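J.: Okay, handing you the structure first.
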Amino acid sequence: MERTLIKDLRGKIDQTVKLQGWLQTLRDQKKMQFLILRDPTGLVQVAHWKPNDEILASNIASLGAETALTIIGKVIDNPVVKLNQLEVQLESLVVENLAESPLPFDPFAETLPALDYRLDWRYMDLRRAYNYLLFQVQTTMEMAMREYWLKHDFIEIHSPKLMGTPSESGAELFSLDYFERKAYLAQSPQFYKQMAMAAGFERIFEIGPVFRADPSFTARHMTEFTGVDLEISWIDSHEDVMAFEENWLQYVYARVKELHGEAIKETFGVELVVPQVPFPRIPMRDAVEILKSRGYVLPADKKGDIDPGGEREIASYVKEKFDHDFVFLTDWPIGVRPFYHMRLAGDETLTRSFDLIANGLEITTGAQREHRPEILAKQALEKGLHLEPIQYYIDFFRYGCPPHGGFGLGLSRLLMVMLNLPNIRDCLLYTSDAADDLLCVDLGGRRIIKKKKIEQQHKFKN
Ligand code: 4AD
Ligand code: MG
């Protein structure tokens, strides 16, 4: 017999069906047993009249919550039943996997343990419909990104994650033994995105893993995350990249709202707003003045960069002034940007670059790249880099390479912003940041050092 999903039961009244799922609760009464069965599509009440089969009744009585079951039964229309106004009358039951009692925690209890504890039992935590929806939304987000790219003639690339040279800078770099040599984990697909531009691909994207050896423990940094990257050729400036990104994001929001708007409102209490384009743009020089005028003092060591508090303050300003949740901060000083960002015509101290701040959180950094090899080499030297290890990269631009630019976006940061979640760890299947299992996992995948200890070991960035 084929499996029926709980959401489809209404169309099967008076038929015998096969259901598969988890025993969420059991109400064992004198004559009746009620099993609330859950599958990813919903809950249903399964009823067993005990005198029908006393052995089965005692088997059912011994089942722990969260046991995985296959159930055969007849679907009965019953307006008295609160759940879907129907129930399934049990005919037979197979215990596929008995859940031990007690559970590490009840994922369906009204009060849940702290995230820290739940991450130790992530597969239990993920059983909540809340988390299922979260990953459905992420799936739709990626689908919509791809739909938009494909409509606009993009090509997908998969770039190497083991690299011979650092892909961004010397900092935040994981190195490892690669036979007799050292290799590095990719901090971004930056160089390969640009190689694709030199190859004449013109418009490319990649969704893939990115590694950053940053030991700070924050609610928005991971040592491994999923990067969404794209690169476009024949641009005039970073303005073209921003224009692409805002339209693309508008499409992604619209698709997510179309497919999950109601569920998101119900589960996350968030009314998804499809952002208006164009997003506001503020040059960094102005942003610093705006912050000053609002009494926000940037830390002295920031040298033209902005800190998380400043990002939130600018977001409040943009909300008040433009009623917008997104803002592009543009034209960053060269001191806080990588060597490959192109300089602004007319002001060599600034770059053709931008960050996108969404609800006060940086979700993207992008730029027009310097594609003239002599200038690129000069900028690298100015940053104190040695040319030899990056010469292969500079060579990409020696044989005809169009002007180009692109951006990188953190997939989980976008999800955080969309669903208004406070911690990036809420948005990940499993965490592997320095404060977690990379440093302290046992072979069973459970963390053996508690976060408290880790927090003491690492400086705590806000
Ligand atoms: O700002 P980042 O470091 O920029 C780059 O990687 C450039 N190559 C992008 C470009 O094309 N010019 O990283 C891009 C985005 C950030 O804006 C943020 O959303 C996310 O990646 N990100 C992180 N997400 C989680 N944990 C971390 N440690 C992150 N670091 C960056
Ligand atoms: Mg950045």
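J.: Quick one: which residues, 5 or more positions from T351 or on another chain, have an amide H under 5 Å from its amide H? H modelled 1.01 Å from N in the peptide plane, none for Pro or chain starts.
T.: W332, I334, L344
J.: Hey, which aspartates and glutamates would be in cross-link range of K151, C-alpha to C-alpha under 20 Å, not counting anything within fewer than 8 residues on its own chain?
T.: E142, E202, E206, D229, E231, D240, E245, E246, E258
J.: Starting from the coordinates of the alpha-carbon atoms of the chain, obtain the Kirkwood hydrodynamic radius over all distinct pairs and give the value in Å to one decimal.
T.: Roughly 25.3 Å, rounded to one decimal.
J.: On to the next question. What do you get for the angle between helix 238-268 and the principal long axis of the chain? Use alpha-carbon atoms, 0 to 90 degrees, nearest ten.
T.: 10
J.: I'd like the FRET efficiency for E147 and D28, computed as 1/(1 + (r/R0)^6) with the beta carbon distance as r and R0 of 60 Å, rounded to 0.05.
T.: Computed FRET efficiency for E147 and D28: 0.75.
J.: Right, another one. Please give the direction-averaged projected area of the C-alpha convex hull for segment 234-331, in square nanometres with one decimal.
T.: 8.0
J.: Can you tell which of T223, M284, Q15 lies farthest toward the positive end of the dipole of the chain, using +1 and -1 charges on the Cβ of basic and acidic side chains (Lys, Arg; Asp, Glu)?
T.: Selected residue: Q15.
J.: Set the Förster distance to 30 Å, then compute FRET efficiency between T111 and A68 from the Cβ-Cβ distance, nearest 0.05.
T.: The calculated FRET efficiency here is 0.75.
J.: Testing the spin-label approximation: label points 7 Å from Cα along Cα→Cβ at E202 and Y132. State their distance in nm.
T.: 4.4
J.: Tilt of helix 129-151 relative to the longest C-alpha principal axis of the chain, in degrees (0 to 90, nearest 10)?
T.: Helix 129-151 and the main axis of the chain meet at about 40 degrees.
J.: Sort F154, F105 by Cβ crowding within 10 Å, fewest neighbours at the top.
T.: F105, F154
J.: Of the options L26, V44, L5, report the single residue whose Cα projects farthest towards the positive end of the charge dipole of segment 1-50 (beta-carbon charges: Lys, Arg +1; Asp, Glu -1).
T.: Final value for the positive-end residue is L26.
J.: Between the DSSP loop rule and a limit of at most 10 other Cβ atoms within 10 Å, which chymotrypsin sites (Phe, Trp or Tyr not before Pro) in segment 165-216 are left?
T.: Counting only loop positions with at most 10 other Cβ atoms within 10 Å, the chymotrypsin sites (Phe, Trp or Tyr not before Pro) in segment 165-216 are F179.
J.: Can I ask one more? Express in nm, to one decimal, how much length is gained between D307 and E54 on full extension, taking 0.36 nm for each residue of separation and deducting their alpha carbon distance.
T.: 84.4 nm is the gain from fully extending D307 to E54.
J.: Taking 26 Å as the cut-off for C-alpha to C-alpha distance, list the pairs among K74/K265; K161/K265; K303/K383; K193/K265 that go past it.
T.: Beyond 26 Å: K74/K265; K161/K265; K193/K265.
J.: Among the listed pairs K18/K50; K12/K257; K18/K257, which are separated by more than 26 Å between their Cα atoms?
T.: Beyond 26 Å between Cα atoms: K12/K257; K18/K257.
J.: Any idea what the dipole of segment 103-261 comes to, in debye rounded to 20, about its Cα centre with Lys/Arg Cβ at +1 and Asp/Glu Cβ at -1?
T.: 420
J.: Suppose R0 equals 45 Å. What FRET efficiency, 1/(1 + (r/R0)^6) with r the Cβ-Cβ distance, do E271 and R181 give to the nearest 0.05?
T.: 0.25
J.: Return the loop-located trypsin sites (Lys or Arg not before Pro) in segment 81-129 (DSSP other than H, G, I, E, B) with at most 13 other Cβ atoms within 10 Å of their own Cβ; answer none if there are none.
T.: Answer by residue number: K82.
J.: For K31, list the aspartates and glutamates whose Cα falls under 15 Å from its own Cα; do not include residues on the same chain fewer than 8 positions away.
T.: Counting by Cα, and skipping residues close in sequence, K31 has these aspartates and glutamates nearby: D53, E54.
J.: Give, in nm to one decimal, the length gained when the segment between A300 and E100 is fully stretched (0.36 nm per residue of separation minus the Cα-Cα distance).
T.: Gain on extension, A300 to E100, equals 66.4 nm.
J.: Counting Lys and Arg as +1 and Asp and Glu as -1, what is the net charge of the other residues whose Cβ lies under 13 Å from the Cβ of T165?
T.: Within the 13 Å Cβ shell, the charges total -1.
J.: Angle check, please: helix 308-322 long axis (alpha carbons) against the longest principal axis of the chain (alpha carbons), in degrees 0 to 90, nearest 10.
T.: Around 90 degrees separate the two axes.
J.: Given H placed 1.01 Å from N in the peptide plane, which residues other than close sequence neighbours of V46 have an amide H under 5 Å from its amide H?
T.: Sorted by chain and number, the residues that satisfy this are L35, I36, L37, V88.
J.: I need the semi-axes of the equivalent ellipsoid of segment 55-102: take the C-alpha gyration tensor, multiply each eigenvalue by 5, square-root it, list largest first in whole angstrom.
T.: 23, 13, 10
J.: Something else now. Could you give me the ³J(HN,Hα) list for segment 25-39, computed from phi with Karplus coefficients 6.51, -1.76, 1.60 and θ = phi - 60°, whole Hz, x at Gly and Pro?
T.: Using θ = phi - 60°, the values come out as 8, 10, 10, 9, 9, 4, 10, 10, 10, 10, 9, 8, 9, 10, 10 Hz.
Taken together, the values in this text are just the output of simple stated rules run on the coordinates, not laboratory data. Every value quoted in this text rests on a predicted model; they were computed, and no experiment measured them. Quick reminder, even Gly has a Cβ in these numbers, built from the backbone with ideal geometry, and neighbours come from all protein chains shown.
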